[in-house]
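Below is one structure, written out as C-alpha cells; the observations come after it.
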Amino acid sequence: MITKEKFYTFFRQGKIEEVKKLTQEALRDGESADIILKEGFIKAMDQVGNDFKNDEIYIPELLIAARAMHAGMALLKPILTQFSGIMAGKVVIGTVKGDLHDIGKNLVAMMLEGRGFEVVDLGIDVPSDKFIEAIQKHQPHVVGMSALLTTTMMQMKLTIQSIKQAGFKNRVKFIVGGAPVTGTFAQEIGSDGYAPDAASAVDVVKLLISGSPDLIPKLHQTCV
Ligand code: B1M
C-alpha cells in the first residue's frame, strides 16, 4: 500500500534516485499511477509545504523536494498521458505571471493529455500577452491558469480581462486552479470554471467544451 512517509523522507532529502526506485517498485507491485500520485507524491509534498510554513525548512529544501517530485512524475507521465482515441479538444495552460510553481499545473496538463486533450503548455510566469499570442496561434477551446500564491491570484483576473478585451470573449472558456483558488474566487474573476485538483480539472474542461447550459452552474459549485 502506498503511503506518503517514504516519499516525504526522500523529497525532504532530495533523493532523486530513491524516489524513482520507490515509484518503479510501486508500479511493479501493481499500484496505479493515480494512487501513487495522490497518496504518495501529493500528500508528501503537502507535508513538505507544512514544514516550510512552520519554518522547519527553507527555499533550498523546497527546491530539492520539487526536483525529487519531478523525477517521480516523469515516470508516471507516460502512464497518465497514455491515450488512443479522438482528440477531445485543445487547451492552452500556464502558471500566471509572477508565479513559478508548476508541479500542479504540470499534473493538470498530464491528466488532460491522458484523457485525449491536446495541451499547449506555456510554462511558468506567463504574462497575459503570452496567453493572447498562444490563443491566436493555437485556437484552443479552453484556457487554463494556475496560481499557487495569494499574491498572484489576481493576475488570473487581469489575464482573463486582457484576453476578453483582445476579442476572445466568446471564443474561449476559462478554468482556474491552484491551492489558494476557490470556486467563489473563480466566479468573481469571470472564470467559467474551477477545479480543486487535476482529475476534476479534466471533468470541468469536458463540461466547458460540451457547453451544455444546464451543466454550467455545476462548474463552480463542485469546488466552493
Ligand atoms: Co512555494 N509556496 N514559494 N515554492 N510552495 C507554497 C505555495 C506555500 C503555500 C508554502 C507555505 O507557506 N506553506 C506558500 C504560499 C503562501 C501564500 O501565498 N499564501 C509558498 C511561498 C510563500 C513561496 C515563496 C514566496 C517563498 C519565498 O520565496 N519566500 C516562493 C515564490 C516564488 C514564486 O512563485 N514567485 C516559493 C517558491 C517555491 C519553489 C520554487 C521553491 C517551489 C516550487 C517548485 C516548482 O513548482 N517547480 C515551491 C513549492 C514546492 C511549494 C509547495 C511546498 C508545494 C507546491 C506543490 O507543488 N504542491 C507549496 C506548499 C503547498 O502547496 N502545500 C508552496 C503539489 C501540487 C501537486 O499541488 O500545486 O496545489 P498544487 O496543485 C494541485 C491543485 O492546486 C490543482 O491540481 C493540482 C493537483 O491535484 N491545480 C489546478 C493546480 N493548478 C491547477 C489549475 C487548474 C485546475 C487545478 O486549472 C487550470
### Per-q log10 I(q)/I(0), segment 87-210, q = 0.12, 0.17 Å⁻¹ (Debye; single scatterer per alpha-carbon; no solvent)
-0.34, -0.72
### Kirkwood Rh, Cα atoms: Rg over Rh of segment 63-138
1.01
### Task
Hand me the chymotrypsin sites (Phe, Trp or Tyr not before Pro) from segment 1-110 located in a DSSP loop with no more than 13 other Cβ atoms within 10 Å, in residue order please.
Y58
### Query
So how tilted is helix 43-53 from the main axis of the chain? Cα-based, degrees 0 to 90, rounded to 10.
90 degrees
### Contact order relative to length of segment 26-156, as percent, for alpha carbon pairs under 8 angstrom and 6 or more apart
25 percent
#### Entry: Cross-link reach list, aspartates and glutamates versus K15, counting only Cα pairs under 13 Å and skipping chain neighbours closer than eight places
E61
### Query
Tally Lys and Arg at +1 and Asp and Glu at -1 over the other residues with C-beta under 14 Å from the C-beta of K20: what net charge comes out?
+3
### Query
How large is Rg over Rh for the chain, taking Rg from the Cα atoms and Rh as the Kirkwood inverse mean of 1/r across Cα pairs?
0.98
### Task
Give me the net charge of V172's neighbourhood, meaning all other residues with Cβ under 12 Å from the Cβ of V172; Lys, Arg count +1, Asp, Glu -1.
+4
### Summary
At 4 °C and 1.567 mPa s, the Stokes-Einstein diffusion coefficient in µm²/s for segment 120-180, with hydrodynamic radius from the Kirkwood sum on alpha carbon pairs, is 110 µm²/s
#### Entry: Set K38/K90; K21/K206; K6/K53 screened for pairs whose C-alpha atoms are more than 31 Å apart
K21/K206
### Query
Roughly how compact is segment 50-105, stated as its Cα Rg over 2.2 N^0.38 Å to two decimals?
1.54
### Query
So what is the relative contact order of the chain, in percent, for Cα pairs below 8 Å that sit 6 or more residues apart?
15 percent
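All of the numbers you see were taken from the coordinates with simple rules; none came from a lab. Nothing here was measured: the structure is a model prediction, and the numbers come from that model. Every residue, glycine among them, receives a Cβ derived from its backbone with ideal geometry; neighbour counts consider all protein chains shown.
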